[in-house]
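The values are calculated or read from the model by the stated rules, or taken from the named source; none is laboratory data. Computed from a predicted structure; not experimentally measured. Please note: Cβ atoms are built from the backbone with ideal geometry, for glycine as well, and neighbour counts cover all protein chains shown. Side chains included, ligands, DNA and RNA excluded: accessible areas come from the protein's heavy atoms. Shrake-Rupley method; radii C 1.70, N 1.55, O 1.52, S 1.80 Å.
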Amino acid sequence: MSTKKIKEILVTTPSDQAVIVQGWCRTKRDSKNHAFLELNDGSSLKNIQIFIDKSKHDFEDLSKISTGASVWTKGLLVESPGQNQAVELHADELAIIGEAPAADYPLQKKRHSFEFLRDIAHLRTRTNTFGAVMRVRNALSYAVHQYFQNNSFQYVHTPIITASDCEGAGEMFQVTTMDLNKLPLTEDKQIDYSHDFFGKEAHLTVSGQLNVETYAMALGDVYTFGPTFRAENSNTSRHLAEFWMIEPEMSFCDIEGNMDRAEDFLKFVLSYVLENCQEDMAFFNQWIEKGIIDNLKSVINSEFHRISYTEAIDQLLASGKKFEFPIKWGEDLQSEHEKYLTEELYKGPVIVTDYPKEIKAFYMKLNDDNKTVRAMDVLVPRLGEIIGGSEREWDYDKLLSRIKAAGLNEEDYWWYLDLRKYGSVPHSGFGLGFERLVQYVTGMQNIRDVIPFPRYPGNAEF
Ligand code: ATP
Ligand code: MN
C-alpha cells in the first residue's frame, strides 16, 4: 500500500481499501466518545480530518497528541458528514511519531504576527500563510523554467563569486580567506590582496548579467536564475541582502523585443500560478490581499503601458501631487512616484524607458540624444519596480568611453569588451527579483516573508 499525500487523498472516493496518512496535527478535539484530529502534511492548505471512535479503539498515543505533533494513522476513508470536507479518515490504527509539548510549542492555534513568525522561520512554514507562500514560490520557479525552456532559452549557471564589480548595483559583500586581524599590507600600507585566495579582491555577485551576456553571444537566448547578494543597508519591505534573480539575455534583440519579452514572461507566470495554485491563491485573495485574483487576471488581459522617463517626469510634475521627494528630470523615481504612475494614473503595469544615463549602469546603450540610455523598468501596482533591464551597448568604442566615464577600470572589463570586438550583435536583457515576483503574486507585504530564510541587515539567523 502506498502512502499518498493528503492533497491526493482528499480527492479520492471512499473505498474499502485502507489508507495511511502521515502529517502534523493542527488541532485535536477530544470528547468522551470520540476524538477528531486535523492533520496537515504540507501538500495543500487543507487538512484531513481523522475520526477516532473511542468505543472501538483505545489508542494509547491519543493523549500525547497535541498541536504540532507528528502522527501516523491508518484507516478507511469515508464520506464526511461535516461541511468542510467531502471525506474523512476513520482511524483503525494511530501512532504518534514525534511529540510537540504544548508547554513550549510556539505555534499554538491562534493568529501570530508575521514579525513573530520571522523569529521562528524554521517553524513558520507550518502555518497556513507560509505553507501557501512556499507552494506558490515553488510553482513560480517551475513556471520560470517552463517559460524559458518553451521559448528555446538555455539555462546558464553564472558564478556567485566574482572579481569584477559589475554594476555598482548596491554595495557588495567581500569574499576573503585572509585573517582580518592580521591583514598583509603592501609597502604603501594598502591591503595586499595578492595573498588572498583568488590573488585579488573578490565579492559575491550582485547580478549574473555580465557573465550571461557572454553566453548570449554564443547560445543565442539564455537565462540565469540564481542567488544574488547586495549589502545595501536598505531596510525596506522590498529589499533583501540575498535574493534570487531571473536574468534572461537575448541576442539579436533590441529594447522593443526586450519589453515584449518581459511582458509576455510576466503574463505567462501569472497565468501559470492562477491555474495551478487555485487553492493557495484563493487563500491570498481572502486573507492577504482582497481582489488579488481579479487584479492579476486584469494584468494578464491588459497591455502594459509604455512611456519614456521624460514623459513620466512630465506626468508626475503635472499631477499636482505633493510628493515626499519632489521629482525632477535627472533623478531616479522613488517608490511614491512609481505608485502614482501605476496605481493612480495608469491603473496597471507601466514600462518606463530611456532614463538619464547618469542614473543607470554603464553597459546600457546610449541613445542618439547622448543624454539617455535604452533602459526599461517594469513598474507594477502595489510594489513598484519588479523588473529592470536594457538594451546593451554593443559598440566597442562607445562602451569603452562609458566604462571610463563611470570611473571603472578598463582592464577589469577586458573580456566584456572582447564581446564587442568579436562578432558583436545588438542584445538585450532584464533582471527580475524573484522575491518581488512572489510578493506581487501573493500580495504579501514584506519581502522577508516570501523567502524561506531572509537575509537583511542585522539578520542571518537560521
Ligand atoms: P531598486 O531600485 O528597487 O533597489 P534596482 O534598480 O537596484 O532596484 P536592479 O539592479 O535593476 O534593481 O535589479 C534588477 C531587479 O532585482 C529589480 O528590478 C528588483 O526586482 C530586484 N532587486 C534589486 N535589488 C533587490 C533587493 N535588494 N532585494 C530583492 N530584490 C531586488
Ligand atoms: Mn537597488
Check: Can you list the HN-Hα couplings for region 388-395, worked out from phi with the Karplus curve (6.51, -1.76, 1.60; θ = phi - 60°), rounded to whole Hz and with x for Gly and Pro?
Finding: x, x, 5, 7, 8, 5, 10, 8
Next item on the list: Taking H placed 1.01 Å from N in the peptide plane, check which residues at least 5 places from ILE97 or on another chain put their amide H under 5 Å from its amide H.
Entry: SER70, VAL71, TRP72
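Over region 228-339, what lengths in whole Å, largest first, do the semi-axes of the equivalent ellipsoid take, defined as the square roots of 5 times the eigenvalues of the alpha-carbon gyration tensor? Walk me through the numbers before you get to the answer.
Values: eigenvalues 149, 88, 72 Å².
Ellipsoid semi-axes (Å, largest first): 27, 21, 19.
Can you work out the accessible area per residue across the chain, with the rest of the protein chains kept in place, probe 1.4 Å, in square angstrom?
Numbers: 22770 Å² over 462 residues.
Accessible area per residue, the chain: 49 Å².
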Next item on the list: List the residues of region 102-128 whose backbone N lies under 11 Å from a point placed 7 Å from the Cα of PHE453 along the Cα-to-Cβ direction.
Entry: 121-122
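Sorted by average packing, counted as other Cβ atoms within 10 angstrom per residue and highest first, what order do 254-263, 92-101 take? Don't skip to the answer; put the middle values down first.
Values: 254-263: 19.1, 92-101: 15.2.
Packing proxy ranking, top to bottom: 254-263, 92-101.
Which pairs, out of LYS322/LYS347; LYS109/LYS339; LYS4/LYS267, put more than 30 Å between their alpha-carbon atoms? All intermediate terms of the calculation are to be shown ahead of the outcome.
Working: LYS322/LYS347 19 Å; LYS109/LYS339 37 Å; LYS4/LYS267 33 Å.
Long pairs (Cα-Cα over 30 Å): LYS109/LYS339; LYS4/LYS267.
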Next item on the list: Take the alpha carbon gyration tensor of region 1-139, find the square roots of its eigenvalues, order them as a ≥ b ≥ c, and report rounded if a/c is under 1.5; if not, report prolate when a/b exceeds b/c, else oblate.
Entry: oblate
Next item on the list: Take the alpha-carbon centre of region 131-198, take the same for region 3-80, and report the distance between them in whole Å.
Entry: 45
Check: Once phi is turned into θ = phi - 60°, what whole-Hz ³J(HN,Hα) does the Karplus curve with 6.51, -1.76 and 1.60 give for every residue of region 54-69, x standing for Gly and Pro?
Finding: 6, 6, 9, 10, 10, 6, 4, 6, 3, 5, 7, 7, 9, 3, x, 5
Check: If you take all C-alpha pairs in the chain, what percent of them are over 34 Å apart?
Finding: 46
Next item on the list: Could you tell me the distance between the Cα centroids of region 283-350 and region 225-260, to the nearest Å?
Entry: 19
Next item on the list: Can you tell me how much longer the chain between SER319 and LEU274 gets when fully stretched, taken as 0.36 nm per residue apart minus their C-alpha distance, in nm with one decimal?
Entry: 12.7 nm
Next item on the list: Mind ranking 59-70, 34-45, 4-15 by how tightly packed they are, going by the mean number of other C-beta atoms within 10 angstrom, highest first?
Entry: 34-45, 59-70, 4-15
Item checked: Amide H partners (placed H, <5 Å) of VAL175, local residues excluded -> ALA202, HIS203, LEU204
Checklist line | Debye log10 I(q)/I(0) at q = 0.19, 0.23 Å⁻¹ for region 292-385, Cα point scatterers | finding: -0.88, -1.16
